[in-house]
Each structure stands twice: as structure tokens, then as C-alpha cells.
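Accompanying notes for the structure given below.
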Amino acid sequence: GETTKAKISGLTSLRSKRVRVSGWVHRLRSQKGIIFLILRDGTGYLQTVLSGRVSETYEALTLTLESSVELVGTLQAVPEGKTAPGGHELVVDYWKVLGAAPGGDEAFTNRLNEKSDPSIQADLRHLVIRGETSSSVLRLRAMLLRAFRDVYAKSDFLEVTPPCIVQTQVEGGATLFGFNYYGQNAYLTQSSQLYLETCLPALGNVFCVQESFRAENSHTRRHLSEYTHMEGEMAFVTFEELMSHIETLVCETVDALLADPVAAGIIQQLNPGFKSPARPFRRISYKEAIQWLNEHGIQHPEEDKDGNNVLDEAGKPKMVDHVVGDDIAEAAERQMTDIIGTPIFLHSFPAELKAFYMKRIPGDRGFTESCDLLMPNVGEIMGGSMRISDNEELLEAYKREGIDPKPYYWFTDQRKYGTCEHGGYGLGIERVLAWLANRYTVRECSLYPRWPGRATP
Ligand code: 4AD
Ligand code: MG
């Protein structure tokens, strides 16, 4: 009879039909001459059964995990009381190996055991991603990006693609990757923000999904050297409107994922009990946060002028209370976020702690109209602010930071040719995913993560 070529995700409508499916051998079990094979094709998993004539060939007896195969057979609903992905199984009557895998070697053991040694796993990430957990995280990542784009489309934001090769810094010179660009100095971009700002008068509100690069020598759970940065920029907004937009963007995206059976299934499996966050997000100003940390006994290691820890009599780092002006470091931020247990908008940071472009709070000019969004288990997933809109003020900001204004002429021009109140933000996609999928580190949330010393695979 007729055979339909199909993907596993599209099989439900083909019950009791003859189908042809190609994929990889995900699991394999042999019992009394019957082979039970779970096939994987990237769209899902399919239980298949090979018995009789088709299970007695040399190929069948030497079949290995991760071999690619083509299977042809009849799709049957699984009998009452049995479970299988999709509720059906393929009774195979013809099949062939397309590409045999060696089987039994360390690579496959590691693919199957996603909890093995981290450095071996990192080297073998090209095989590890075939595993159930890793591929679920990557599938959720794709669905997350799609959901974000859908929300942007509904809100009339236009997507642009700024360059990665740049000659300006955004978040401080210390974390720039520089290189020789036809004899000139150039950098890998830290943020596309400055370019998005130039798009406002041309295109209105804009966003981008672009790789950002940070030469951070920090080996933490949430730092990568290259990460996917989703940034948005809005014209003619107030700080309050900016924060409310960010809240809506995050919540509508999460709601769309939870309304999708596949995405919701992955979230439920990786992060049981996850719920859409309550709105409005709790808002805590930087000054209130300093007070909160002190009330909760959360201290930080005292540092000397060179940034080295001051030691106590026992030779341990001396812990001290926070004072206004201190950076709230990752450890303190994480403790606060985990105790509070809900999303937090931490806002109005001191100007000295923040980037040169941030707008000051009228009436409290030592502080800025800036906000970080903190999530339980991860901490900061987003950083944003209103921008300096006044030309003179921007020129002063360059001077204070020791930035040569020349390469920024195009950014400065923004303030000369019809300036406006505007603001924006950047979300680290890997951090958003670590929050949604409850991953221990952002390294699990990137296809091929980069951190100090690693650029392979
Ligand atoms: O807070 P950041 O440095 O802000 C900016 O770059 C702004 N120019 C964005 C803007 O306003 N358009 O970075 C924004 C976000 C952080 O909140 C974090 O989620 C992520 O980017 N991020 C990193 N993610 C992984 N590894 C790193 N090294 C990261 N650095 C920042
Ligand atoms: Mg930040």
C-alpha cells in the first residue's frame, strides 16, 4: 500500500497507516528476539518494535545506539495499560541502517549520562546535546526566542541586526575583546544599545537578538564570554513606562510558553511547579536594597584600594555591612533574590556604579534611572535604563569616564538631530532560560558555550 514519509511530531494523524520515519537510535532493548527501539528525529521520540524476520538479520543483531536508521511500518495505538510517547508505536516491517555508530565507546556513554565530568562533557557537547535534557533545554530556547519575537511583533517593535564588529565600548573598557581590524583597533560588541538608539528616529521602537561579548575573567554560574543578548529601545517614554514595558514583555512571553503544550511540558519537566510570575513585580530601590541587606545580615568581603580582600585575625576575608555606594555583588544579590523568592526590579543605582550613558534622576543626581530585573535562582537577567538625552550632559559623561568622544560621533549626533527621552534594556537569553528551566549554570543554556579558555566545539 501507500507509505507516507513523516516526522515523529506529525504522526498522530497517521494512526493505522503505513509510514516511513528516519532518525537516530535513542534507546535499544532486546528481549526474546524482539527489538524495542526508541527512535529520535529531533521532533520527538517514537517507540518501535522489530520482530520476526526483520529482527533476525546481522544488521539487527549488531545495531548500536546513535546509528541513523530508516524505519517503515504500521503505526498502531499502544494497547490499554501501556504508555509510549504520543500513545502509539511503529510495528516495523522494513528498515535499514543509514549510518552506523561505533557503539559502546565513551562518547555515547557520556551522551547518555548527562551528569558526567564537566570538562569531558564540554569537549563532547556535540554529542551531549543529543541527550533528552540538553535537547529539551535547546528546544525551549528556540521557543523562548520565538515567543519574545511574537510579543515584539504585537507591540510594533521592528527587529534590526546591528554589527558585532565595533569601535566603541558600552559597558566599560575592562571587558572588551579587541582585535586588529585591517590595521585599526576594533572590538567585539558588548551591547548593541548605542546602535539601537540611532534607529529610533528611523524606525521607531526597535529590538535585536545579537551575540554580545564580554572578556570577563569570572568563572561563575552566570557569566559567558559570548552570550545571546536581546535588547530593546523605546522613544518618548518615561522610566516608569520603560519598566512596565519590560514587565509586560517578560510576562506575556512566559504566558505564551505556558500556553503551548510542548513548551509547557518541557518547563514542567525541568522546573516542576514553575508558575507565571505575579504582576506587578516588586520594586526595590538601590538604597532600600542596601538597608534590606543590612537588616538581613548579608555582608560583603571588605576590599582594599587594589580590590584585594581584607583579612581578619583568622586569615579569612573580613565581612562588613553594605553602605550606599557599594556595588551589590553577585553573592549578596543572589541571597536577596532567593530569600524574597519573586522577581525584583532593583532600580535607581548610583551613577558611579553604572555605565556612562545613563540618565540621572532629576532631584537626586547621584543616582540614575536604571533598573535590573532579578529572578530567583539566577539573579540579574536584565539590565536597563533611561539614556542621557542632552548633548552637553553626554559630553560631560564621556569626560568623566575618560572616553574619547571621537569614535562616538554618531551616537552623540543622536542628541543634536532631534533628541528625545528614551530608554532600553538588554536581556541575557541564557539567564532567562536558566530561570525558566531551572538550570544550575548558563553554560547549559547555550548551544556551544564560551567561557575563559573555552572556544571548542
Ligand atoms: O547589564 P548589561 O551589561 O547591560 C547592557 O549591556 C546594556 N547596554 C543593555 C541595554 O540597555 N541595551 O547586560 C544586560 C544583560 C544582563 O542583565 C545579563 O542578563 C546579560 O546581559 N549578561 C550576560 N549574560 C551572560 N554572560 C555575561 N558575561 C553577561 N553579561 C551580561
Ligand atoms: Mg548589568
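What lysines could a cross-link reach from residue 354, if we take a straight Cα to Cα line under 30 Å and drop same-chain neighbours fewer than 8 places away?
Of all the lysines, those that pass the test against residue 354 - Cα under 30 Å, at least 8 places apart if same chain - are 287, 305, 316, 318, 399, 406, 416.
List the GluC sites (Glu not before Pro) within the range 207-292 that fall in a DSSP loop (any state other than H, G, I, E or B) and whose Cβ has at most 16 other Cβ atoms within 10 Å.
When the GluC sites (Glu not before Pro) of the range 207-292 are filtered for loop state and at most 16 Cβ neighbours within 10 Å, 216 remain.
How far apart, in nm, are the 7 Å Cα→Cβ label points at residue 156 and residue 323?
Each label point is offset 7 Å from its Cα along the Cβ direction, giving 5.0 nm.
Apply 1/(1 + (r/R0)^6) to the Cβ-Cβ distance of residue 57 and residue 80, taking R0 = 41 Å, and write down the FRET efficiency to the nearest 0.05.
FRET efficiency, residue 57 to residue 80: 0.80.
Give the long-range amide H neighbours of residue 225: residues separated by 5 or more places, or on another chain, with amide H under 5 Å away, using H modelled in the peptide plane at 1.01 Å from N.
Those qualifying (amide H under 5 Å, at least 5 residues apart or on another chain) are 450, 451.
Would you mind checking the tilt of helix 330-340 against the longest principal axis of the Cα atoms of the chain, expressed as 0 to 90 degrees and rounded to 10?
The angle comes out at about 70 degrees.
Among the lysines, select those whose C-alpha is under 28 Å from the C-alpha of residue 17, and discard any that sit fewer than 8 residues away in the same chain.
Straight-line reach from residue 17, under 28 Å: 5, 7, 32, 82, 96.
Quick one: angle between helix 391-401 and the longest Cα principal axis of the chain, in degrees between 0 and 90, rounded to 10, please.
80
Around residue 251, what is the net charge, scoring Lys/Arg as +1 and Asp/Glu as -1 over all other residues with Cβ under 14 Å from its Cβ?
0
Report the charge-dipole magnitude of the chain in Debye, nearest 20, computed about the Cα centre from +1 at each Lys and Arg Cβ and -1 at each Asp and Glu Cβ.
For the chain, the charge dipole is close to 2100 debye.
Quick one: 445, 251, fewest Cβ neighbours within 10 Å first, how do they rank?
Ascending Cβ contact count within 10 Å gives the list 251, 445.
Work the Kirkwood hydrodynamic radius out for the chain: mean of 1/r over every pair of different alpha-carbon atoms, inverted, in Å.
For the chain, inverting the mean 1/r across all distinct Cα pairs yields 25.2 Å.
Which GluC sites (Glu not before Pro) in the range 1-99 pass both tests, a DSSP loop state and at most 10 other beta-carbon atoms within 10 Å?
Listed in order of number, the matching sites are 2, 80.
When 138, 71 are ordered from fewest to most other Cβ atoms inside 10 Å of their Cβ, what list results?
Lowest to highest Cβ neighbour count: 138, 71.
Coordinate-derived values only; no laboratory data. Not measured: the values here are computed from a predicted model. Please note: Cβ atoms are built from the backbone with ideal geometry, for glycine as well, and neighbour counts cover all protein chains shown.
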